[in-house]
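Chemist: Sharing a structure below in structure tokens format, with a few things to ask.
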Amino acid sequence: MNKFKYSNDNKRYHTRAYEGRVWKACIDAGLPCPSHCLFCAEQSKLFTSAGTVTEQLQKEKDRIFAKYGEVPLCAYFQSGTNTNAPVDKLKALYDEAMSFPGVTSLSIATRFDCLPDEVIDLLEEYGATVEIGLQTIHRDDYDLFFDRYSELKRRGIKVCLHLMDGLPGETEEMMIDTAKAVGNLEPDALKIHLTYVVKDTPLCEMYVRGEYTPLTFEEYTNIVVRQLEYIPAKTVIERLTGDGDKRTLVAPLWSTDKIRVLGTIDKLLANLDTYQGNRYNI
């Protein structure tokens, strides 16, 4: 019998959607990141080529309704940094999304260094959820992250944090330390990703020169299991592996077998008789 109460199936981690039964309709608003990360390629398309917010939502609505029937939609500003613009422009984009038939909520992916108080005011006004790519606590600007995260939580804004395992120079214990620190922050939701080597990125150049080695399948799945133990049970786990684009992925190629990755994590949790939050606050 599964002893973990926050699960709709046999998972030993929290699988109950914190946004309720809504389906995310993904949007690329063409808002760029203010800096170029080691592991990120330049945005592959501009907002004009992706279509307007309304056009993109219509395509997503058609796709989602064809599979699930008429369901409530969350307008998910996913690509780029979706608070990296003047407030009036952001308001226009968010208003367009919220006026689309069937959309009941907003989810905004961004960076913590693009969250000034006036933008947080706007997010609070819409009741938006916010996704922040923290990746690791081992960074020079962690104090800025903590300040912005604390302000979001003070306003009652729901936050989903992203962690990235296998960053250059990080040891397994550093990744576990990140999970411990994030657990103590008690985010509403969490996504854990693998570091991919993608074409046309600085990380790919490092990989080709032999200066970077990705995590192995065994390393990644074992690290994720250890990390889950330090995340409080009430935090929803939205993702334990990413969806690397096979057209641009260079390494690790094992990551394309998502079912194997998730199945192995489930098996390890069961074999170790452990679960999310088992070591929380230890």
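Read-outs: derived from the displayed coordinates by stated rules, not from any lab. Source: prediction; values computed, not measured. Heads up, the Cβs are rebuilt from the backbone with ideal geometry, glycines too, and the neighbour counts pull from every protein chain shown.
Chemist: Check the chain for me: any Cys whose beta-carbon has no other cysteine beta-carbon within less than 4.7 Å?
Modeler: 26, 33, 74, 114, 160, 204
Chemist: Something else: Among the aspartates and glutamates, select those whose C-alpha is under 14 Å from the C-alpha of residue 158, and discard any that sit fewer than 8 residues away in the same chain.
Modeler: Hits, sequence-local ones excluded: 19, 121, 124, 125, 131, 186, 188, 238.
Chemist: Give the order of 36, 138, 162 when sorted by the count of other beta carbons within 10 angstrom, beginning with the fewest.
Modeler: 36, 138, 162
Chemist: What is the percent of Cα-Cα separations in the range 147-187 that go past 14 Å?
Modeler: 53
Chemist: Another question about this same structure. Using the Kyte-Doolittle scale, which helices in the chain average at least 0.0 and also have C-alpha atoms spread 15 Å or more along the helix axis, with helices defined as whole DSSP H runs?
Modeler: Those that clear 15 Å and a mean of 0.0 are 172-185, 258-271.
Chemist: Would you be so kind as to identify which of 38, 135, 269 lies farthest towards the positive end of the dipole of the range 23-271, taking Lys and Arg as +1 and Asp and Glu as -1 on Cβ and the Cα centre as origin?
Modeler: 269
Chemist: Further question: Report, as a whole number in µm² per second, the diffusion coefficient that Stokes-Einstein gives for the range 146-256 at 10 °C and 1.306 mPa s using the Kirkwood radius over alpha carbon pairs.
Modeler: Roughly 105 µm²/s, to the nearest whole number.
Chemist: While we're here: Treating the beta-carbon of each Lys and Arg as +1 and of each Asp and Glu as -1, no other charges, what is the dipole magnitude of the chain about its Cα centre, to the nearest 20 debye?
Modeler: So the magnitude is around 1080 debye.
Chemist: Something else: Gain in length, residue 59 to residue 125, computed as 0.36 nm per residue apart minus the alpha-carbon separation, to one decimal in nm?
Modeler: Contour length minus Cα-Cα distance gives 21.1 nm.
Chemist: Taking the number of other C-beta atoms within 10 Å as the exposure measure, put 261, 208, 224 in order starting with the fewest.
Modeler: So the ranking, lowest neighbour count to highest, is 208, 261, 224.
Chemist: Moving to a separate point now. Sort 112, 146 so that the residue with the fewest other Cβ atoms within 10 Å of its own Cβ comes first and the one with the most comes last.
Modeler: Final ranking by Cβ density, sparse to dense: 146, 112.
Chemist: Considering the options 235, 206, 174, tell which one lies farthest towards the positive end of the dipole of the range 165-247, charges being +1 on Lys and Arg and -1 on Asp and Glu at the Cβ, about the Cα centre.
Modeler: 235
Chemist: Further, regarding this structure: After finding the eigenvalues of the alpha carbon gyration tensor for the range 23-271, what semi-axes result from the square roots of 5 times each, listed largest first in whole Å?
Modeler: 29, 21, 20
Chemist: Next question. Give me the extension gain from residue 270 to residue 5: residue separation times 0.36 nm, minus the current Cα-Cα distance, reported in nm with one decimal.
Modeler: That pair, residue 270 and residue 5, stretches by 93.9 nm at full extension.
Chemist: Report, in listed order, any pair from 191/234; 59/153; 67/267 with a Cα-Cα distance greater than 22 Å.
Modeler: Result: 59/153; 67/267 exceed 22 Å.
Chemist: In deg cm²/dmol, rounded to 500, what helix-only [θ] at 222 nm does the chain give when every DSSP H run of at least 4 residues adds -39500 (n - 2.57) and the total is split over its residues?
Modeler: So the helix-based figure for the chain works out to -11000 deg cm²/dmol.
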